[in-house]
Structure formats: structure tokens, C-alpha cells
1. Expressed as an acute angle from 0 to 90° and rounded to the nearest 10, what is the orientation of the C-alpha long axis of helix 287-299 relative to the principal long axis of the chain?
2. Can you pull out the trypsin sites (Lys or Arg not before Pro) in the stretch 74-147 whose DSSP state is coil and whose Cβ has at most 16 other Cβ atoms within 10 Å?
3. Holding the Cα-Cα limit at 24 Å, pick out from Lys62/Lys200; Lys114/Lys237; Lys200/Lys253 the pairs that are longer than that.
4. Of all beta bridges DSSP finds with both residues in the chain, what is the antiparallel percent, to the nearest 5?
5. Which distance in nm do the two modelled labels at Ser205 and Glu46 give, with both placed 7 Å along the Cα-to-Cβ direction?
6. What ranking of Ser49, Ser247 emerges when the number of other C-beta atoms within 10 Å of each C-beta is taken as an exposure proxy, fewest first?
7. Could you give the length gained by full extension between Lys218 and Glu299, i.e. 0.36 nm per residue of separation minus their alpha carbon distance, to one decimal place?
8. Once you list every other residue whose beta carbon is under 15 Å from the beta carbon of Trp182, what net charge do they have if Lys and Arg are +1 and Asp and Glu are -1?
Amino acid sequence: MTGLSDNHPINYLRISVTDRCNLRCAYCMPLEGVAPLPHDEILSYEEISLVARAASELGISKVRLTGGEPLVRAHLSSLIGMLARIEGIDDLSLTTNGVLLSRYARELKAAGLKRVNISLDSLQPDRFKQITRIGKLEDTLLGIEAARAAGLHPIKINMVVMRGVNDDEIADFAHLTRENGWHVRFIEFMPIGGQKQEGKFVPISEIMERIEPLGVLKPHSLDGNGPARYFHLPHAKGTIGFISPVSEHFCFKCNRLRLTAEGKLRPCLLSDEEMDLREPLRRGASADELKRLIKQATEAKPEGHKLDSGTTARSRSMCQIGG
Ligand code: SAM
Ligand code: SF4
């Protein structure tokens, strides 16, 4: 069996390890949270590892753990250790809200984690609390510092820009690429899982315009393995990335698959098409059968999405898919 796609390489697997979260970001989760999956419906670390191994044999070389909040799942570093030992996986990373990083950064690094992306949508304590509903800015800032001290770099900061909520902080975040050498990525707000944008959407073109007064943005070669386009401001050690899932389709260069916490393989974030891997895993499917199923799911990858016309995957929240 050969790789996952002949003309367009699929080499990136995002694995959601839990649908639970210690925050309730308004753009991602309902206030009451989502009904958590019973523990036995979630893939075990051994099962995740079997899928990752089969995927790596098909050419997946980059794996990112996400959620929900991945650090709320117990003993995550043992999964990191299992994945780090799989030959062929050369980039192992984590997306987190950072709240628990000050506790776990060193342990994760020691287990084989390479780097982290940390979500941070405001530098103002009251506003941070309002967006996350229950979070404390200080916890995430301490988490960023702990990740830096543990050597989990490059650290990328993800900011979802929302009009009237945090768009007045665009320049402050961009400025941090100079002041602190942070790598900041601005992400367009997606209407996902039934979320209403309610006028909050800000296109990347406007975000770029708001950064212009800080200096000319020069293209940068940072390899993000994904849809972000990277730039840097004059004299900045850090970079600025732009991710525009709504205003500029990048489906044609999408290189990723997603595995949900309960074992559904999703070829596209924005389509409800899924392939169940949990049932085959639990009846003892061979590695070859897993590879055949992964390949079959990949072939169902759609050509594009219709987010800009408001059509989107409705069945799940972002925290349930693994954003
Ligand atoms: N809990 C972790 C975190 O917040 O980084 C990982 C899971 S979270 C679902 C992954 C990413 O999805 C975060 O960077 C978050 O900001 C982003 N996200 C969630 N809902 C979104 C939305 N409606 N539009 C754009 N990005 C969204
Ligand atoms: Fe939790 Fe991340 Fe969703 Fe915020 S964006 S509610 S931290 S899963």
C-alpha cells in the first residue's frame, strides 16, 4: 500500500484526545459545555497509538494533539511517549489553552513533545475572562513562560479575532512579535457547530491593514506545515501568521486528517463526513485493515467548503472535532 494521496500529499494528523475542557470560550463551546463522552467511548492511548502507527506507514509524519483541552486528559505524557516512539512521526506538537502548561511543560518535553501552539485571545485580564468565561489570563501567561523554559519551541500564539470583542488588540499582539519574539497567528472566526458570527467576523485582509502602521510586513519562510501564511515586521524576532479559512479557501492545499476523541476519522474539519475507526479497533482489526480504512476516508476528502456562504458542519462544536 502506498501513501495517502497521489497528487496532493496528506502528511498531517490532528488527534483530539478529549472533548472536555477547563474553559468555555464563547466561540467554541456553549456556556454549559458539551455533554462529555463516557470514558469507554473515548479511544484509549493504545488505540490512538495504533491509528497513528498505521497512518505513519501511509506517510503521516506530523501529529498534533488537540481537543477539547488535551491537558485535562490524565497522563497525556504517556501518550506523547508512545507517539514519539513511532518511526516516521518526526513532528509531534500540541494545541492548548496553556492553563495547565506550567504544571506539565517539562514532563511533556521529556516525553518527546516538540512544540506547542497556545490559544490566547486577549492580553487584558477582564476581557480574557469574558471570552473564556472562566479562565484567568495569568494562568495562560504562566503556561507560555513554562513552555519557553522547557524548550517547547517555536511557541505559536493563536488569536481568534472577533469584531467588537478583541479586534482592538490586533496591534498589541503584532507588537509582541517584536517585543517578546512571539510567533503570533491571527485566525478568522469560523461559524462552526452552529456558532453565529453575529457581525464579529473580521477578514484577514482587514487584520493586515490594521498591522500596517507598525511597519511593512515581509514574507517569512517559517514552515508551519499548514494553511498559515507567515510574515515579519522590521526588527521582529517573532513572526506573524495569518489563517483565513473563511475569506480565502485553502482546501486545495489542505494536508490534514482529523481523528476525534471517540475514534472518527474526519477528512475535513468543515464536512460532517466521518469514518468510524473505534469499532474496527475494538474487534482487533489488523494494521492493514486500519490502513485501508484510513485510505478510504482520505479519498472522501471534499474539494472545498462553503463557509463564506454560511454553510458549515453543524453536527459538532469545535471542541468536539478538535479544532
Ligand atoms: N483547547 C485547545 C485550545 O484552545 O488551544 C485546543 C482545542 S481548540 C478547539 C483549537 C483551536 O481552535 C484554538 O486555537 C481555538 O482558538 C480554535 N477555535 C475554536 N473555535 C473556533 C472558531 N469558531 N473559529 C476559529 N477558531 C476557533
Ligand atoms: Fe476549550 Fe480550546 Fe474550545 Fe476554548 S477553544 S473552549 S480552550 S477547546
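Derivation of every value follows stated rules applied to the coordinates shown; laboratory data play no part. Treat the numbers as computed from the prediction; the structure is a model and nothing was measured. All Cβ positions, even for glycine, are placed from backbone atoms using ideal geometry, and neighbour counts span all protein chains on display.
1. So the inclination is approximately 50 degrees.
2. Hits after loop and neighbour filter: Arg85, Arg133, Lys136.
3. Lys62/Lys200; Lys200/Lys253
4. Around 25 percent antiparallel, to the nearest 5.
5. Placing both labels 7 Å beyond Cα along the Cβ direction yields 5.4 nm.
6. The order, fewest Cβ neighbours first, is Ser247, Ser49.
7. Extra length available between Lys218 and Glu299 comes to 25.5 nm.
8. Around Trp182, the surrounding residues sum to +1.
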